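The values are calculated or read from the model by the stated rules, or taken from the named source; none is laboratory data. This is a predicted model, so every value here is computed, not measured. Cβ placement follows ideal geometry from the backbone for every residue including glycine, while neighbour counts extend to all protein chains displayed. The protein model used for the area step is the full one, side chains on, heavy atoms only, and it has no ligands, DNA or RNA in it. Shrake-Rupley method; radii C 1.70, N 1.55, O 1.52, S 1.80 Å.
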Amino acid sequence: MADELKENKQPLVLIVDDTIKNLQLLGNLLKESSYKISAATNGRQAIEVAKQIQPDLILLDVMMPELDGFETCKILKSMPETKNIPVIFLTAKVEAEDIINGFKEGAVDYITKPFNSYELKARVQTHLELKMSKDLLNERLLQLKKEKNKLNTVLTGISDGVIVINNDLDIILFNPMASLLSGYLGEEAMDKKYTEILQFIPEQGSKDNNGDFIENAIISQKTQDLNIAQLLITKNNGKIPVKGSASPLNNEEGNVTGCVVVLRDISKEREIDKMKCEFVSIASHQLKTPLTGIKWMTELLMKQSLNSDQMEFAKGAHQSADRMVKLINELLDVSHIETGRKFDLKKEKVDIIKLLESILQDLSDNAQRKNVELLLDKEIPAEMIVDVDKSKTRQVFTNFIDNAIKYSKGKGKVTVGCRRENNEAIVFIKDNGIGIPQKQQERLFEKFFRADNAVLSETDGTGLGLYIAKAIVEAHNGSVWFESAENKGTTFYIKLLLK
Ligand code: ADP
């Protein structure tokens, strides 16, 4: 602290004594300690000077005419500008009563005359250091208060819910937006276990539940993103779709002291999504009727006696109408999935081996055109009865087999097989085509996703087939996965429950 005294500024000491000789003596003594000195010869003058120069310490003589030291001290301690300046009394008086009096008026110390110069310097230094520490502390407190106010303004103004949780899993900060989202007031949420206030359930139609992202952030000490929306259960049992994150909080030593949770209300996004899906659904339905008309007309046209050019044109028109019907059906399926509606499955007992044979039959022309050998695996069972929606299952298998043909290259070979594993039927479709680039494999079932090599080899495609197929299989409580190597081939697997 003494070093800080030297470093910061030269402390200023005001000496008050009505005897000039004493003033000189004290002044010279204190200058040795490199203090700046100011002097006053009576109480009134001392008050005025103290107000003006704001000394760091006052050495105040008690026995002075007019206003004595005690009176002067009383006035100094009553004024906001001077009340924090430490005062040391200097006097020949040594009665206990006088000492008590001095302290009562707010003095920090009392030195009797004649004084020992070493003792005087030591006491002055001690009180100056104390004063400096106090000033520093006050300054830090003020700074802290300012920082806290700044933080509060940010937390109040921020449009995300911000919740801070300590290591005991208690909520220690709950900003106004968190209150607005959850319905809990800050004071209701504070000091409660976060699990009492923040409860999540997966959105309708979503199988993924990452609602324990807060716990995971605390356990793993890594930021966890809530990138799959969850429904936050509000105080009055409402449900608000939210996204956000939970990040561990570290102290200066790097130890985790808790976790900060940020939640964003995505109700508006969900509303827009819903409107978009409804629009797609209505537009698709409206488009379907005239398109079916076109398809019929071209079919009728093809039955007429046409010359070869005319037949080509009619066939072209028919194929285009077919592709559009397929696309519209896909868009309808997507809007169905996106709005969280369950597929209306009409389940029945279906022999999927027969179903696969029939699909292979349908796609045989297509395979021939692409020079692809399309075969059933030798070990395929004679029969495999599964309780599924026949038309939707046909749609799924057709999509996978059609893709296997479409993404074949050169002289391709597509094998379709099925095996039984415990209580499950596993259908596989294996090709030796272009494969799926390793770095794009994790995105394969995303809506509209098409791998770079697929776009190059086959311009015609929407990237919707796999997304829909996966949703249909999952609606049957089944699953899909694949193995693939670029330029070697791909095998897709579809698992369906037998009972
Ligand atoms: P589309 O075939 O219309 O592009 P899909 O949703 O059926 O849409 O397939 C999505 C993407 O998955 C394809 O664009 C392609 O990149 C990849 N893919 C699917 N099946 C295969 C396959 N058998 N071989 C290679 N890539 C495939």
Item checked: Probe 1.4 Å, accessible area per residue of the stretch 12-114, Å² -> 49 Å²
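How far, in nm, would the chain grow between residue 193 and residue 379 when pulled straight, counting 0.36 nm per residue and subtracting the alpha carbon separation?
Values: separation 186, 0.36 × 186 = 66.96 nm, distance 5.76 nm.
Residue separation times 0.36 nm, minus the Cα-Cα distance, leaves 61.2 nm.
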Note to self: Can you give me the distance in nm between label points at residue 324 and residue 299, each placed 7 Å from the Cα along the Cα-to-Cβ direction?
What the structure shows: 1.7 nm
Next item on the list: Pop out the ³J(HN,Hα) list for the stretch 23-31 in order, Karplus 6.51 cos²θ - 1.76 cosθ + 1.60 with θ = phi - 60°, rounded to Hz; leave Gly and Pro as x.
Entry: 4, 4, 4, 5, x, 4, 4, 6, 4
Margin query: Place a point 7 Å from the Cα of residue 113 along the Cα-to-Cβ direction; which residues of the stretch 67-90 have their backbone N under 11 Å from it?
Written below: 90
Note to self: What does the extension gain come out to for residue 488 and residue 129, with contour length at 0.36 nm per residue minus their alpha carbon separation?
What the structure shows: 121.2 nm
Check: Under the Kirkwood approximation applied to all pairs of distinct alpha-carbon atoms, what is the hydrodynamic radius of the stretch 347-497 in Å?
Finding: 15.5 Å
Notebook entry, point to check: What is the Cα centroid distance between the stretch 157-182 and the stretch 234-257, reported in whole angstrom?
Noted result: 7 Å
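Which shape class applies to the stretch 119-188: rounded if a/c is under 1.5, otherwise prolate when a/b exceeds b/c and oblate if not, where a ≥ b ≥ c are the square roots of the Cα gyration tensor eigenvalues? Numbers along the way, then the final one.
On the way: a/c = 5.79, a/b = 3.18, b/c = 1.82.
Prolate, since a/c reaches 1.5 and a/b exceeds b/c.
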Checklist line | 3J(HN,Hα) from dihedral phi, the stretch 251-256, Karplus parametrisation 6.51/-1.76/1.60, rounded to Hz, x for glycine, proline | finding: 8, 4, 7, x, 7, 6
Next item on the list: Would you mind putting 414-421, 302-309 in packing order, based on average other-beta-carbon counts within 10 Å, highest first?
Entry: 414-421, 302-309
Note to self: What is the percent carbon and sulfur in the accessible area of the stretch 159-265, measuring with a 1.4 Å probe over the protein chains and ignoring ligands?
What the structure shows: 47 percent
Item checked: Heavy atoms of residue 450 accessible to a 1.4 Å probe, total area in Å² rounded to 10 -> 40 Å²
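Once the convex hull of the C-alpha atoms of the stretch 271-427 is built, how many Å³ does it hold per residue, rounded to a whole number? Don't skip to the answer; put the middle values down first.
On the way: hull volume 25.9 nm³, N = 157.
Each residue corresponds to 165 Å³ of Cα convex hull volume.
Rounded to the nearest 0.05, what FRET efficiency is calculated for residue 364 and residue 247 with R0 set to 35 Å and r the Cβ-Cβ distance?
Numbers: r = 56 Å, r/R0 = 1.61.
E between residue 364 and residue 247, to the nearest 0.05, is 0.05.
I'd like to check one number: the per residue accessible area of the stretch 293-447, probe 1.4 Å, reported in Å² as a whole number. All intermediate terms of the calculation are to be shown ahead of the outcome.
On the way: 9100 Å² over 155 residues.
Counting only protein heavy atoms, the per-residue value for the stretch 293-447 is 59 Å².
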Next item on the list: Distance between Cα centroids, the stretch 402-438 to the stretch 36-91: provide it in whole Å.
Entry: 97 Å
Next item on the list: Mind listing the long-range amide H neighbours of residue 113? Cut-off is under 5 Å, sequence gap 5 or more, other chains count too, H placed in the peptide plane at 1.01 Å from N.
Entry: 91, 92, 93
Check: Hull surface divided by four, with the convex hull built on the Cα atoms of the stretch 12-114: how many nm²?
Finding: 5.8 nm²
Next item on the list: Compute the whole-percent fraction of alpha carbon pairs in the stretch 159-265 spaced more than 16 Å apart.
Entry: 54 percent
Notebook entry, point to check: Separation of the stretch 296-319 and the stretch 124-151 by C-alpha centroid, Å?
Noted result: 92 Å
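Whenever you get a sec, compute what percent of the accessible area on the stretch 12-114 sits on carbon and sulfur atoms (1.4 Å probe). Please report the intermediate quantities before stating the final value.
On the way: 2610 of 5060 Å².
Carbon with sulfur: 52 percent of the solvent-accessible area.
Expected output is a single nm value to one decimal: the length gained when fully extending between residue 344 and residue 283, i.e. 0.36 nm times separation in residues minus the C-alpha distance. What is it? Display every interim value, and only then the final one.
On the way: separation 61, 0.36 × 61 = 21.96 nm, distance 2.07 nm.
Using 0.36 nm per residue and subtracting the Cα-Cα distance, I get 19.9 nm.
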Notebook entry, point to check: For the stretch 231-258, list residues with backbone N below 12 Å from a point placed 7 Å from the Cα of residue 221 toward its Cβ?
Noted result: 248-251, 253-258
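With a 10 Å radius around each residue's Cβ, average the other Cβ atoms per peptide and rank 177-183, 262-268, highest first.
So the order, starting with the most tightly packed, is 177-183, 262-268.
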Notebook entry, point to check: Using a 1.4 Å probe on the protein chains only, how many percent of the accessible area of the stretch 344-434 belongs to carbon and sulfur?
Noted result: 43 percent
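Compare the peptides 471-484, 50-63 by average per-residue count of other Cβ atoms within 10 angstrom and give them in order, highest first.
Top of the packing list down: 50-63, 471-484.
Between residue 474 and residue 452, take the C-beta separation as r, use R0 = 22 Å, and let me know the FRET efficiency to the nearest 0.05. Before the final figure, lay out each step's value.
Details: r = 27 Å, r/R0 = 1.22.
In this case the efficiency is close to 0.25.
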Next item on the list: Sticking with the crude label model, points 7 Å out along Cα→Cβ, report the distance from residue 411 to residue 256 in nm, one decimal please.
Entry: 5.9 nm
Note to self: Over the Cα atoms, compute the radius of gyration (one decimal) and Dmax (the largest Cα-Cα distance, rounded to a whole number) for the chain, in Å.
What the structure shows: 42.8, 136
